[in-house]
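Everything on this sheet refers to the single structure shown next.
Rule-based calculations on the coordinates, nothing more; no lab input. Please read all numbers here as calculations on a predicted model, not as lab measurements. Glycine also receives a Cβ, built like all others from the backbone with ideal geometry; neighbour counts cover every protein chain displayed.
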Amino acid sequence: MPSTPRSPAVRLAVAATAVASTLTLSAEAAPAHAAACTGYVGLTFDDGPSSTHTPALLTALRQNGLRATMFNQGQYAAANPAQVRAQASAGMWIGNHSYTHPHLTQLSQSQIDSEIARTQQAIAGAGGGTPRLFRPPYGETSTTVRSVAAKYGLSQIIWDVDSQDWNGASTDAIVQAAARLTNGQIILMHEWSANTRAAIPRIAQTLASKGLCSGRISPETGRAVAP
Ligand SMILES: [Zn+2]
């Protein structure tokens, strides 16, 4: 039995469906490979560097095409200068996160000054450049903390989204937190968290699907901008 030829209307409908699926497919596939960024977010990793966590974190970030700001503790920068240089070589930005991670608001002005100054020296001495960004431990700050930071040319950077990785958040929860980021916003993460490291490929996919790229944090505005 000969096959029944399709009517012109049916053939058009079939062709239209084929075109539509092609368009849908390419629209879905594009963000994963998108070069164009419609916005930028600031990924931040606190409390490094270390020889135990920094190398794997940098590898994961580079493999997924992400750049981040590393808020280093001065004591660890002094102990692991090679990891400070590795951060810089991997294209990361390096910020000051105090020397010993104290509750700065409970310290005298001269103690705050020492925490910040020694960290600037440790990071610069290791080859990480002179930081322009400062994150107080626990996000705890005061007018005194801010003014001491400003004395060293540092802008205080807190965060818009807390990944809660420090509080035992799962990899799923960390990915979901990153998915809440909008243009210009900053997320808090930690370099020592295995769940955070595991979340990096999915964070990259999530950001790409929204046209967001990882950017640097502007000392002038405190927001994420193009690198
Ligand atoms: Zn910290």
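Just to check I understand the Karplus step: with θ = phi - 60° and J = 6.51 cos²θ - 1.76 cosθ + 1.60, what whole-Hz values come out for segment 97-109, glycine and proline as x?
Each residue of segment 97-109 in turn: 10, 6, 8, 10, 6, x, 7, 4, 5, 9, 9, 6, 4 Hz.
Which length gain, in nm to one decimal place, applies between His103 and Gln75 when the Cα-Cα distance is subtracted from 0.36 nm times their residue separation?
Working: separation 28, 0.36 × 28 = 10.08 nm, distance 1.54 nm.
Computed gain between His103 and Gln75 is 8.5 nm.
How far apart, in nm, are the 7 Å Cα→Cβ label points at Val225 and Ala124?
Once both label points are built, they end up 2.3 nm from each other.
For Asp172 and Ile158 in the same chain, what is the full-extension length gain: residue separation times 0.36 nm, less their Cα-Cα distance, in nm?
Working: separation 14, 0.36 × 14 = 5.04 nm, distance 2.31 nm.
Result for the pair: 2.7 nm of gain on full extension.
Determine, from the Cβ-Cβ distance of Thr38 and Gln111 and an R0 of 41 Å, the FRET efficiency 1/(1 + (r/R0)^6), rounded to the nearest 0.05. Can you show the working numbers first?
Numbers: r = 44 Å, r/R0 = 1.07.
For R0 = 41 Å, the calculated efficiency reads 0.40.
Just to verify a number: FRET efficiency for Ala179 and Ser142, C-beta to C-beta distance, R0 = 35 Å, to 0.05? Kindly include the intermediate steps, with their values, before the conclusion.
On the way: r = 33 Å, r/R0 = 0.93.
Using R0 = 35 Å, I get an efficiency of 0.60.
What's the ranking of 191-204, 140-153 by average number of surrounding C-beta atoms within 10 Å, highest first?
Working: 191-204: 20.7, 140-153: 15.1.
Most protected by this proxy first, the peptides run 191-204, 140-153.
Evaluate the charge dipole of segment 37-225 about its Cα centre and quote only its size in Debye, nearest 20, assuming +1 on the Cβ of each Lys and Arg and -1 on the Cβ of each Asp and Glu.
On the way: 14 positive and 11 negative charges, 103 e Å.
Magnitude of the dipole: close to 500 debye.
If I take the Cα coordinates of segment 37-225 and project them onto the principal axes, what are the three extents in Å, biggest first?
Cα extents, longest axis first: 46, 32, 29 Å.
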